[in-house]
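A.B. asks: First, the structure itself, so that you have it in front of you.
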Amino acid sequence: MITYEDIRELQQYQPKSDSGVLSLYVDVDQSRASNLNRGFETAVEDQCRRIAEQEAMLENGKVVKFELERGRVMRFLKDYTPKGRGLVIFSDSARQFWWHRDLQVGVPTKARWSPQPWLRPLLELVEDTDRMAVVLIDKQCGRVLSLDATGITQYSEIVSEVPNRHVTTPRDHIWSGAQMERDHIKHIKWHAKRVTDDLCAMIDRLRLTRLVIGGPVEATSIFIDDLPKRLRQMIIGTVSAPVDIGVDRLTNDLQAISLRAELEDELKIVESLITAASKGDRAVLGLSETLEAVNEGRVYRLVVNRNFRAEGKQCSLCGVLIPVELATRCSFCDGALEAAPDLINRASHKVIEQAGKVQLVSVAAAEKLAAVGSVGAVLRF
């Protein structure tokens, strides 16, 4: 599972002054003809060749260091067997740094050679693939799972002995039939309690905030009724499916539920941001005001239109981000300014470094945000 903590640790990674990080996102989906016969290796080679040509043109002496990283990555890919649809790698030989994850979602093949890991695509994956808890339960069996960009992981499986319901009851055994019915329900509730305990443990450990429940109607109804209030409030949908449902079908059902819930949440976040900013209530809109808040460490949540791109500059001394390309010196420390063609990506890095959050929005939420500058922030103070 990829978490915000993983991204924060990657963002805080500090390479040596004369080294760099090769960030690589690879489409390894074997259902695509271009990836058969290890075509993904050729695609990576093409990406790396472009970077090597750019470094050679700059004549900065780093092309040799890049070649070391390219060789390291290509050796890994030579023996790599795809385990999903995507792959992400960060490599820095100078510090013996290596980080990779298999992804169950598709990614376009891209590479970047830079001082720090290129995290925006990974952040977008985490945002796109909602991290959630999943429970599949019937009267005797329960499965507790989690879902994120790396796929579905089973946390536990619980099997309980539940006596059968009394089907036919003679007239002189009505009380006995009623007692068996009560005993049947009681055992289902005991079973549900065991599943709930495991669910709570997983949610607390992974700090999940969304929950999907699946299974036959009777078992799921009893389960939901007995859930603690905080867990009931996390439910974003239900799945009508057997407990032993296959991973592929379950993933498709969960992604549909997740997308619907995510789009609804994004719209609420943008509407709340715009309302707060109009009242001057710890919120700002537009690139200039947002970057000012980022530079001051005041951002709790950065909200960005997914397709918004901006260029600017960054101070080489204090790290301040400036949305003015014509400036040559930092107005804060008089340091030299360097080009920042990926201004939003750098702003996202700073927010995460300051323990803030980044929310990428699309569709209806993006349209509404575009009308007020395509970027904004909820502030701490």
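Derivation of every value follows stated rules applied to the coordinates shown; laboratory data play no part. As the structure is a computational prediction, the values presented were derived from the model and not from experiment. Backbone-built Cβ (ideal geometry, glycine too); neighbour counts: all protein chains shown.
A.B. asks: For the stretch 4-128, what does the alpha-carbon gyration tensor say about shape, rounded, prolate or oblate, given a ≥ b ≥ c as the root eigenvalues, a/c under 1.5 as rounded, and a/b over b/c as prolate? Intermediate results must be reported in sequence, preceding the final value.
C.D. replies: Details: a/c = 1.92, a/b = 1.23, b/c = 1.56.
It is oblate, given that a/c is not under 1.5 and a/b is not larger than b/c.
A.B. asks: Sticking with this structure for a sec: Please sort 349-356, 233-240 by packing, taking for each peptide the average over its residues of neighbouring beta carbons within 10 angstrom, highest first.
C.D. replies: Details: 349-356: 18.6, 233-240: 15.9.
Going by the mean number of other Cβ atoms within 10 Å, highest first, we get 349-356, 233-240.
A.B. asks: Could I ask something else about it? For the chain, what is the relative contact order in percent, using Cα pairs closer than 8 Å and at least 6 residues apart in sequence?
C.D. replies: RCO, the chain: 14 percent.
A.B. asks: Separate question: Could you grab the relative contact order for the stretch 265-379? Cα pairs under 8 Å, six or more apart, rounded to a whole percent.
C.D. replies: Taking the mean separation of contacting Cα pairs over the length of the stretch 265-379, I get 41 percent.
A.B. asks: Note down the Stokes-Einstein diffusion coefficient of the stretch 155-287 in µm²/s, whole number, using a Kirkwood radius over alpha carbon pairs, 25 °C, and 0.890 mPa s.
C.D. replies: Reported coefficient: 134 µm²/s.
A.B. asks: Moving to a separate point now. Please work out the FRET efficiency for the pair ALA178 and ASP265, using the Cβ-Cβ distance as r and a Förster radius of 45 Å; give the result to the nearest 0.05.
C.D. replies: 0.50
A.B. asks: So which lysines pass the test for LYS65, namely a Cα distance under 25 Å, with those fewer than 8 places away in the same chain ruled out?
C.D. replies: Correct list for LYS65: LYS16, LYS78, LYS110.
A.B. asks: Sticking with this structure for a sec: Once the Cβ-Cβ distance between ASP244 and SER114 is put in as r, and R0 is 35 Å, what FRET efficiency do you end up with, to the nearest 0.05?
C.D. replies: FRET efficiency, ASP244 to SER114: 0.15.
A.B. asks: As a test of the formula, what do you get for the chain when each DSSP H run with n ≥ 4 contributes -39,500 (n - 2.57) and the sum is divided by the residue count, at 222 nm and rounded to the nearest 500 deg cm²/dmol?
C.D. replies: -13500 deg cm²/dmol
A.B. asks: Roughly what angle does helix 63-78 make with the longest principal axis of the chain, taking Cα atoms, 0 to 90 degrees, to the nearest 10?
C.D. replies: 30 degrees
A.B. asks: Relative contact order for the stretch 4-128: what percent, with Cα pairs under 8 Å and sequence separation of 6 or more?
C.D. replies: 43 percent
A.B. asks: Test of the criteria: in the stretch 1-103, which trypsin sites (Lys or Arg not before Pro) are in a DSSP loop and have at most 15 other Cβ atoms within 10 angstrom of their Cβ?
C.D. replies: Counting only loop positions with at most 15 other Cβ atoms within 10 Å, the trypsin sites (Lys or Arg not before Pro) in the stretch 1-103 are LYS16, ARG32, LYS62, LYS83.
A.B. asks: With point charges of +1 on the Cβ of Lys and Arg and -1 on the Cβ of Asp and Glu, referenced to the Cα centre of the chain, which listed residue (ALA371, GLY71, SER17) lies farthest in the positive direction of the dipole?
C.D. replies: After comparing all options, I get SER17.
A.B. asks: A follow-up question, please. Quick one: dipole size for the stretch 4-128, taken about the Cα centre, charges +1 on Lys/Arg Cβ and -1 on Asp/Glu Cβ, in debye to the nearest 20.
C.D. replies: So the dipole magnitude of the stretch 4-128 works out to roughly 240 debye.
A.B. asks: Could you work out how far helix 343-353 tilts from the main Cα principal axis of the chain, as a 0 to 90 degree angle to the nearest 10?
C.D. replies: 60 degrees
A.B. asks: Restricting things to alpha carbons, find the Rg to Rh ratio for the stretch 256-301 using the Kirkwood radius for Rh.
C.D. replies: Numbers: Rg = 12.9 Å, Rh = 11.8 Å.
Rounded to two decimals, Rg/Rh equals 1.09.
A.B. asks: Work out Dmax and Rg for the chain from the C-alpha atoms and quote the Rg first, both in angstrom.
C.D. replies: Radius of gyration, then largest Cα-Cα span, for the chain: 25.6, 97 Å.
A.B. asks: Using the alpha-carbon atoms, what tilt in degrees (0 to 90, nearest 10) does helix 39-58 show relative to the longest principal axis of the chain?
C.D. replies: Value to nearest ten degrees: 30.
A.B. asks: Also, quick follow-up: Which pairs in the list LYS186/LYS229; LYS279/LYS350; LYS193/LYS357 are over 24 Å apart, alpha-carbon to alpha-carbon? Kindly include the intermediate steps, with their values, before the conclusion.
C.D. replies: Working: LYS186/LYS229 21 Å; LYS279/LYS350 26 Å; LYS193/LYS357 34 Å.
The answer is LYS279/LYS350; LYS193/LYS357.
A.B. asks: How large is the charge dipole for the chain, taken about the Cα centre, if only the Cβ atoms of Lys, Arg (+1) and Asp, Glu (-1) carry charge, to the nearest 20 debye?
C.D. replies: 420 debye
A.B. asks: If you take all C-alpha pairs in the stretch 295-381, what percent of them are over 21 Å apart?
C.D. replies: Tail fraction, whole percent: 33.
A.B. asks: Could you give the size of the charge dipole of the stretch 213-362 about its Cα centre, using +1 on the Cβ of each K and R and -1 on the Cβ of each D and E, expressed in debye and rounded to the nearest 20?
C.D. replies: Its charge dipole is roughly 340 debye.
A.B. asks: Something else now. Packing-wise, with mean Cβ within 10 Å as the measure, how do 262-272, 247-257 rank, highest first?
C.D. replies: 262-272, 247-257
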